[in-house]
Amino acid sequence: MKRLIALTFFALLLGSTSQAAERPQHLRIALLITAHSAGSPEAFTVSGGRWSIERKLVHPALLVDHPQGRFLFDTGLGREIDHAFAANSWLNRKLLAYEQLDPALDQLERAGYQAGDIDFILPSHLHWDHLGGLPDFPDTPVKVLPSGLQEAREHGQRPAFLPEHLQGTREWQRLQLSDTPYMGFARSLDLFDDQRLVVVELSGHTAGQVGLFVNLDSGRRLFFIGDTSWTLRGVAQNRSRPLFVQWIAHVDSDREANAHVLQQIHQLHQQQPDLLIVPAHDEEVARQLAQFPQFED
Ligand SMILES: [Zn+2]
């Protein structure tokens with residue numbers, strides 16, 4: 001009898017964890033805000049931005065839950081980020097300050113998921129604020145364009161990169177884009193061959209930055225553009241980051257290439273107003289997305 005009770009309890013326990021991690025019938029997405037920036041005038045975030053408006057950019061991870069695979073597009077900041085961040089210079093700690101840390105894995109675990117429920121991580125690029133949660137998922141493969149990993153490993157320095165996250169024995173998988181154009185981008189990868197999730201290359205901000213198109217059953221279409229622009233205002237007005245920010249922090253690996261990609265996304269934004277453009281850090285756009293544990297499908 002005791003054994004039966006124990007077995008029943010065990011089955012219930014298993015049932016409660018697997019329920020959260022059960023494969024969905026349809027593609028669904030949820031945004032996990034892992035931290036907020038400490039705030040800065042909008043003029044710091046985009047050329048021509050307002051000095052009178054304070055922006056509190058966010059550091060998100062996007063949970064993408066597809067019947068054939070569950071992954072994070074970016075990880076945001078993770079459990080070890082305070083320690084990693086402490087090694088930065090005083091100036092960089094001020095410039096890049098964050099608050100309200102709530103790592104993706106903490107949020108997932110509160111909802112009954114485990115790290116092993118994530119099949120892979122697909123970072124938009126390899127900067128600290130997009131990959132800071134990587135150590136929380138030590139056994140999860142990471143899919144990248146080889147050019148992005150090469151740049152990060154050979155030239156990546158603090159504060160933009162955390163070199164310790166880019167070495168080691170982790171499984172780095174090569175993203176293979178084909179020559180099939182998609183929405184004006186020359187190369188693309190249809191992740192599960194159903195036109196729901198399409199990766200395109202957006203090199204400029206870093207080498208090998210990628211964007212993700214998400215086409216939901218509801219008809220809603222979204223385009224996650226990493227850090228091509230920090231704000232939708234930058235996309236709408238086709239304005240890059242301010243030059244003085246580039247001088248201080250060397251934000252873009254190739255400023256001209258990034259401006260070219262931004263121009264392309266700006267045109268797409270004008271031609272297709274129904275397509276929601278999602279710059280990773282724009283807190284106003286983030287509010288238009290379902291916040292985990294809520295999903296949108
Ligand atoms: Zn960023």
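Nothing in this text is a laboratory measurement; each read-out follows from the coordinates by a stated rule. Here the structure is a predicted model, which means the values were calculated and not measured. Every residue, glycine as well, gets a Cβ built from its backbone with ideal geometry; the counts of neighbours run over all protein chains shown.
Tabulated values for the structure
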read-out: Cα long-axis angle, helix 255-271 against the chain (0 to 90 degrees, to the nearest 10); value: 70 degrees
read-out: Sites residue 195 and residue 260, calculated FRET efficiency, Cβ-Cβ separation with R0 30 Å, nearest 0.05; value: 0.70
read-out: Electrostatic dipole magnitude of the stretch 26-185 [Cβ: Lys, Arg +1; Asp, Glu -1; Cα centre; debye, to 20]; value: 360 debye
read-out: Total formal charge among the other residues, if their Cβ is under 9 angstrom from that of residue 258, Lys/Arg +1 and Asp/Glu -1; value: -2
read-out: For the stretch 37-50, Karplus couplings with θ = phi - 60° (6.51, -1.76, 1.60), whole Hz, Gly/Pro x; value: 6, 6, x, 7, x, 4, 4, 6, 9, 8, 4, x, x, 7
read-out: HN-Hα J in Hz across the stretch 159-174 - Karplus 6.51, -1.76, 1.60, θ = phi - 60°, x for Gly and Pro; value: x, 5, 10, 10, x, 5, 7, 9, 9, x, 9, 3, 8, 9, 9, 7
read-out: Of 28, 241, 220, the one that fluctuates the most in a GNM where the chain has Cα springs shorter than 10 Å; value: 220
read-out: Two-site FRET efficiency, residue 53 against residue 295, from Cβ-Cβ distance with R₀ of 25 Å, rounded to 0.05; value: 0.20
read-out: Order of 81, 118 under a 10 Å beta carbon neighbour criterion, fewest first; value: 81, 118
read-out: Using a Förster distance of 35 Å, the FRET efficiency for residue 164-residue 274 (Cβ separation, nearest 0.05); value: 0.25
read-out: Contour excess over end-to-end distance, with Cα ends at residue 139 and residue 250 and 0.36 nm allotted per residue; value: 36.8 nm
read-out: For the chain, average projected area of the Cα convex hull in nm²; value: 16.6 nm²
read-out: Cα-centre dipole for the stretch 28-113 with unit charges at Cβ (Lys and Arg positive, Asp and Glu negative), debye to 20; value: 200 debye
read-out: Residue with peak Gaussian network fluctuation, the chain [Cα springs, cutoff 10 Å], from 194, 65, 217; value: 194
read-out: GNM top mover of 240, 218, 89 - the chain, alpha-carbon springs below 10 Å; value: 218
read-out: Within the stretch 2-286: Cβ-based charge dipole about Cα centre, in debye rounded to nearest 20 (Lys, Arg +1; Asp, Glu -1); value: 260 debye
read-out: Placed amide H near residue 278: partners under 5 Å, 5+ positions off or other chain; value: 223, 224, 225
read-out: Tilt relative to the chain, helix 146-155 - C-alpha long axis, 0 to 90 degrees, to 10; value: 70 degrees
read-out: Degrees, to the nearest 10: 2-21 long Cα axis against longest axis of the chain; value: 20 degrees
read-out: The chain - mean residue ellipticity at 222 nm from DSSP helices (-39,500 (n - 2.57) per run, n ≥ 4, rounded to 500); value: -8000 deg cm²/dmol
read-out: Within the stretch 226-241: backbone nitrogen closer than 17 Å to the residue 288 label point (7 Å, Cα to C-beta); value: 226-239
read-out: Rounded to whole Hz, the Karplus (6.51, -1.76, 1.60) HN-Hα couplings of the stretch 279-285, x for glycine and proline; value: x, 3, 9, 6, 5, 6, 5
read-out: Ranked 45, 169, 206, 180, criterion: other C-beta atoms within 10 Å, fewest first; value: 169, 180, 45, 206
read-out: Length released on extending from residue 216 to residue 176, taking residue separation times 0.36 nm less the Cα-Cα span; value: 12.1 nm
read-out: Centroid-to-centroid separation of the stretch 91-167 and the stretch 186-233 [C-alpha atoms, Å]; value: 18 Å
read-out: Exposure proxy order (Cβ contacts within 10 Å, fewest to most) of 245, 142; value: 245, 142
